[in-house]
Every structure is written in C-alpha cells, then in structure tokens.
Amino acid sequence: MVNTSVRLGNIELENPVIPASGTFAFGYEFADFYDINMLGAVVIKGLTRDERYGNPQPRIAECPGGMLNAIGLQNPGVEKVISEEIPKLRQCFQKPIIANVSGFSVDEYVECCEKLEQEPEVSMLEINISCPNVKHGGMSFGTDPGSASEVVRAVKRVTSKPVFIKLTPNITDITVMARACEDAGADGLTLINTLLGMRIDLNSRKPLLANKTGGYSGKGIFPVAVRMVYQVYESVKIPIIGVGGISSAEDVLEMMFAGASAVEIGAANLVSPYACRDLVRELPATMERYGIKELKSIIGEAHHG
Amino acid sequence: MRQDVFTIIDNRRVSPDTYVLTLSGNTSGFRSPGQFVNVSVPGFFLRRPFSVMTWDSEGFQIMYKNAGHGTDAMTGLKQGDSLDVLTGLGNGFDLDRSGKQPLLIAGGSGVSPIYCLAERLTGNGIIPTVVMGFASSENVVMEEELRAMGCRVVLTTEDGSSGIRGLVTDALAISEEYTFVYCCGPLPMMKAVSEKIFTDGQFSFEARMGCGFGACMGCSMMTARGTKRVCKDGPVFGLEDLVW
Ligand SMILES: Cc1cc2nc3c(=O)[nH]c(=O)nc-3n(C[C@H](O)[C@H](O)[C@H](O)COP(=O)(O)OP(=O)(O)OC[C@H]3O[C@@H](n4cnc5c(N)ncnc54)[C@H](O)[C@@H]3O)c2cc1C
Ligand SMILES: Cc1cc2nc3c(=O)[nH]c(=O)nc-3n(C[C@H](O)[C@H](O)[C@H](O)COP(=O)(O)O)c2cc1C
Ligand code: FES
C-alpha cells in the first residue's frame, strides 16, 4: 500500500489531486459524473465582488496541445457564491473547498475575503492575481511585486484562513513575484495561470476570440509549468500547488519532483469530465511503478543531489 | 451524460460539403431530439459538438459539415475506426408542447436536430410541416427522407435553384395554421423567425464550447433569465428566454 496524502499548510489532503479554478464550475456539476469525494480538494470558479457576465463570444479557441480561453471571470458575485453555490457543493462534497478570488482593486480583494472569512465551509483562499482575460486588474497585480505585496498584506489582515497566491507565467522572472508574496505573508503559492496567447482566423483574418487574446492552457504548457515550479521551489519556503498541462498520474509525479506539494488539473477536465477521477485511480499504481511509498517524500526531489 | 467508445459503421457524403456519420455503441445516455454529442477527433485537443440526427438502441447518426480543421479530419474516418464520444448532452426539444400542427424550421446544420425531432413527432402520430432553407439545390439534404416520413416539406434556396427562392422566413406565410414552432439554424435566421411567428416556440443555439457539460462557462449566452450556458441550460431555449 502506498500513501498518497499530502499537506498544504495546516490542511491535510487524502491525495494531491485538485481540480483547477474555472474548469470545474462550482464542483457539484461533476457529482453527477462520479463521487467527487475522491478528490483531494476542489477549487471553485474564480469569484469577484460583483456579478460578472464575462467577455463576449467567442471565448474559446482550439490550439495545438491545448486551448485558449477568454471567459473573463464570469461569476454570480461573492454573495451568491456563498449563499447558493457553496451550499450546493457542500451537499455532495465533504473535502476541503478552496475559494478562488479575483479583484480589480485591493479593496475588492479585501471585501471578498472578509465575506469568505465568515464562511466556515471554505478551507482556504486562492488569490488570483494572474487572470489574463480582464482589463485593469487581475494580472497587473501579478506582474508588479509592489502591488502583489499590497494585495497579500491587505488580504492577510482580514482572514485567518490559509492564503495561497496564484501567479501568472506572463513575466520574465517568476521568482521575484514568488518572493514578494512570501515576504508579504502568503501561506503558499499556486502556479501557473494561463499563458497569454492569440489565434487568428485565416478566413476573416481577424483574431478568433472576441477578446482578441486569451489564456493558453492544456498539455502544451506542462514543461513551462514544471520549469516555473522548479524555479520557485528554489526561491521560497512556502508550499507550492503546481498547475499547468497535467493530464496523467506521471505528470503529477513530475510536478511534485519539481517542488509541488499538490497539483491542480485544469483543461484536462474539459476534455474528459472523468480526468481527475482517472488520475486519482491511477496514482497508487504509478507510484509503485516508480518505487514511491510516501508521496509527500518526493516533493522537490529533483533538486536534491 | 455518458462517455463511451463508438465504432464507425459508415461515413458518407450527402452533399458537396456535408457528411452523415453512423456509429454503433451504447446509446443509453440519449434522451430527446435536440440533444448533442461531443466528439473527440483524433489529433485535436477540444471535442467537437454535433446534434444527434437519429438514434436507436444500437447506435446513432450525426450530420456534419466540413467547416474547419476538425471536421475536415472527420471526413477521413473509416468504417471500423473508434471514436470517443460524450453523449446525452444538453436539453432537447420538448415534444409535449408541439400541439397537433407543429412547424419545424431548419437552416444549414440545423437540419440534423430538426430531422431527429420530426422522426419522434411522426412516431407519435403528429405530422409536422418542415421548412428548410439552403444556399442552393446542391446543398439540399434529407428532403426525401422527411417526405417519406410523412412530413409536409417546404424548401427554400437562396438562389432559387430548388423550392421557393429566398430565406425560410419568406416561406412562413404559407403555413399560418401551426400550434408551436421548433427552430434551429444560423443566428440571423432564428432571430428573423422569432420576429415572424404567431405562436410560442423553442430555438436551438450553438456556441463555441470548451467542455459541453457545464464546467467552463465558455458557451455563455444572455437570456431573459440571466446568463445561461448553451451546453448545460440549452442548447434549446424557449422563445420567452431570448433577448437576441
Ligand atoms: C450544440 C451544437 C450542435 C451542433 N450541431 C452541429 C451539427 O449537427 N452539424 C454540424 O455540421 N455542425 C454542428 N455544430 C457546429 C460544429 O460543432 C462546428 O462546425 C465544428 O465544431 C467545427 O469544428 P472544426 O474543427 O471543423 O472547425 P475549427 O474552426 O477548425 O474549430 C476550432 C474550434 O472552434 C469550434 N467551432 C468552430 N465552429 C464552431 C461552431 N459553428 N459552433 C461551435 N463550435 C465551433 C470547434 O469546436 C473547435 O473547438 C454544432 C455546434 C453546437 C455548439
Ligand atoms: C476555461 C478556463 C477558465 C479558467 N478560469 C480561471 C479562474 O476563474 N481563476 C483562476 O485562477 N484560473 C482560471 N483558469 C486557469 C486554470 O485554473 C489553470 O491555472 C490553467 O488553466 C493552467 O492549467 P491547465 O493547463 O491544467 O489548464 C481557467 C482556465 C480555463 C481553461
Ligand atoms: S462549453 Fe463549457 S460550460 Fe458550456
């Protein structure tokens, strides 16, 4: 028997497999497909203070090894997420729920986190300072170490829940941002969000997405994510959740060797609704194949010796 | 919803750019006409959504237009090949609202779900009128099959090479005595239809999809009841929901 359990700060997870924000809706949709209690935790769709319709259509484009999305943070707003969506998820899911928070100003992040602080069903906050699909916000906090620290400090002041900061890969040196967040008091980091991309329609000769640019995710970005997790692991002490292109149990091991304490699965859920279930099922046998008994023990092993 | 592997029985061209793909496998996920399947095309990341044209206990058919890279690759699929397909997606047409004389209106790739609906309605002893619009006579598909089913078929072509010259809306005046309208086709066509009809109706929509089962918000559409997902809350919406 192998042990798949991992820890994120003070939260113990039965296994490291967590569906990523924006690719698992509010979670309960997937309870129709399989028992989602087999997952380590769930990150719900990114929420903002106010309801958002998101970007105009089309919001999705195909690309080699993955997809572009420009959803634009569509969500019903923090209050409805708390009063309607989280209770529905809790009915079918007893494991940790992670809320993903976006904002257009420091105040907005703070307001959302204050409200979430009152919600006992939320175990952890993932602060998204890396959405490439909305103007004036999201990612601009994620590319400037000063603004990022400001968000982290402000949020930490109003919550007692663990705060993970979700970083963008659309930056020259991600370790600068990682260190700024750690210094400001972040409990952990999630990386990476999507890579900024674009497709142009050969017939119309115009960008395919109404938003023109979109975030690239899926299999193709896996090596970029592994590299960034590896770099960040060397520069900070706080735990890292590795995200980006994971689609097999072997990818999970690779991400953990690079330094991830847990992983999130994004676009793979859209291609197969059973992607996370299959990963959890395959993990023990894959660990055995590589001679791993304690999953925890492999975190960051690529750095040793 | 189900995810199953299906075997290709036939992949046949029915007009210059349109094919009918016949697959065998588990169809227990299928519930109503207007629902769609999401096909994993080998070599592509995202699945491709298609309306179901026919289904029985052994398999199902879709009718697809060669409209891009994925559908172009589909034209090369051979008998015996396997395909990974999500089935039973979305909410189909509500047959109970048809009344005795429903009017079915289809344009372009909208013919497929309308055909499926016509098959179920005629199976229940209801004879619909089907108005179908195409660009030209060479694009006309399923006309004979619908007539053989007993449907009254009104054809329009934009160039007048078959049936009435013009758009489906130009043919609506001749069929005023209908009890309910079911419509699937390009957006401008559906909007024009919604402005011309005298009764209630249901309209089936398309959107670029990331997942097809409600996870990504890729397919959102504004309705009178707020933002809805075409894949999970649709693709069929009632006239009362539409804000265009
Ligand atoms: C609910 C629903 C039912 C459909 N039913 C049919 C049908 O019965 N017959 C038929 O021929 N077509 C149907 N379509 C449209 C069909 O899905 C697209 O033509 C097809 O996905 C094009 O794929 P491609 O790879 O050839 O095009 P590409 O342009 O190369 O595809 C790139 C991406 O864009 C998406 N895309 C491109 N065009 C469309 C479109 N019109 N709608 C949605 N996504 C699109 C593709 O799925 C893919 O993700 C339906 C669409 C939806 C949403
Ligand atoms: C459709 C879609 C919506 C997303 N929405 C969010 C979001 O609301 N908040 C967020 O932090 N990340 C969001 N992401 C990013 C993912 O959580 C993840 O970081 C990224 O897709 C990389 O992982 P992947 O390659 O496994 O998809 C979204 C991604 C996709 C594909
Ligand atoms: S296509 Fe993903 S929610 Fe509709």
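Bear in mind these aren't lab numbers, they're just calculated from the coordinates by the rules spelled out. Treat the numbers as computed from the prediction; the structure is a model and nothing was measured. Counting neighbours? That spans all protein chains shown, and the Cβs are built from the backbone with ideal geometry, glycine included.
Quick notes
- Close amide H pairs (under 5 Å, H built 1.01 Å from N) link A:N100 with A:I44, A:L47, A:E126, residues at least 5 positions away or on another chain.
- Averaging Cα coordinates gives a centre for segment A:15-79 and one for segment B:98-134; these two points are 36 Å apart.
- Size of electric dipole in segment B:2-89: Cβ of Lys, Arg +1 and of Asp, Glu -1, about Cα centre, debye, nearest 20: 180 debye
- Each of A:E182, A:E119 was scored by other Cβ atoms within 10 Å of its Cβ. Arranged with the fewest first, they read A:E119, A:E182.
- For B:W55, B:W244, order by how many other beta-carbon atoms lie within 10 Å, fewest first: B:W244, B:W55
- A Cα-only calculation for the protein assembly as shown places Rg and Dmax at 25.1, 82 Å.
- Acute angle (nearest 10 degrees) that the helix B:111-123 long axis makes with the longest principal axis of chain B, alpha-carbon atoms: 70 degrees
- Tilt relative to chain B, helix B:187-196 - C-alpha long axis, 0 to 90 degrees, to 10: 30 degrees
- Only beta bridges with both residues in segment A:1-152 are counted; by DSSP, about 50 percent of them are antiparallel.
- Cβ-placed point charges (K, R +1; D, E -1), dipole of segment B:205-244 about Cα centre in debye, nearest 20: 160 debye
- In plain terms, the residue of B:F198, B:F36 with the fewest other Cβ atoms within 10 Å comes first and the most crowded comes last, giving B:F198, B:F36.
- For segment B:54-97 and segment A:145-179, distance of Cα centres in Å: 46 Å
- Residues whose amide H comes within less than 5 Å of that of A:G300, counting only those at least five positions distant or on another chain, are A:F257, A:A258, A:G259, A:A260 (H built at 1.01 Å from N in the peptide plane).
- DSSP beta bridge pairing in the protein assembly as shown, given as percent antiparallel to the nearest 5: 55 percent
- The mean number of Cβ atoms from other chains found within 10 Å of a Cβ in peptide A:267-274 is 6, as a whole number.
- Per residue of peptide B:216-226, the mean number of Cβ atoms on other chains within 10 Å of the residue Cβ is 6.
- Within chain A, helix-based [θ] at 222 nm, where runs of 4 or more DSSP H residues each add -39,500 (n - 2.57), nearest 500: -9000 deg cm²/dmol
- Highest to lowest packing among B:150-156, A:288-294, scored as the average C-beta count within 10 Å: B:150-156, A:288-294
- Screening chain A for whole DSSP H helices with an alpha carbon extent of at least 18 angstrom along the helix axis and a mean Kyte-Doolittle hydropathy of at least -0.5 yields A:145-158, A:222-235, A:275-289.
- From the alpha carbon centroid of segment A:195-244 to that of segment B:186-214 is 33 Å.
- Judged by the mean number of other Cβ atoms found within 10 Å, the most tightly packed of the peptides A:265-278, B:124-137, B:85-98 leads the ranking A:265-278, B:85-98, B:124-137.
- Legend: mean number of C-beta atoms from other chains within 10 angstrom of residue C-beta atoms, peptide B:203-214, equals 5.
- Against the compact-protein benchmark of 2.2 N^0.38 Å, the Cα-based radius of gyration of segment B:95-200 scales to 0.96.
- Chain B, helix-only ellipticity at 222 nm - DSSP H runs n ≥ 4, -39,500 (n - 2.57), divided by all residues, nearest 500: -4000 deg cm²/dmol
- Each residue of segment B:158-166 was assigned a 3J(HN,Hα) from its phi angle through the Karplus expression (A = 6.51, B = -1.76, C = 1.60, θ = phi - 60°), giving 5, 9, x, 6, 9, x, 6, 6, x Hz with x at Gly and Pro.
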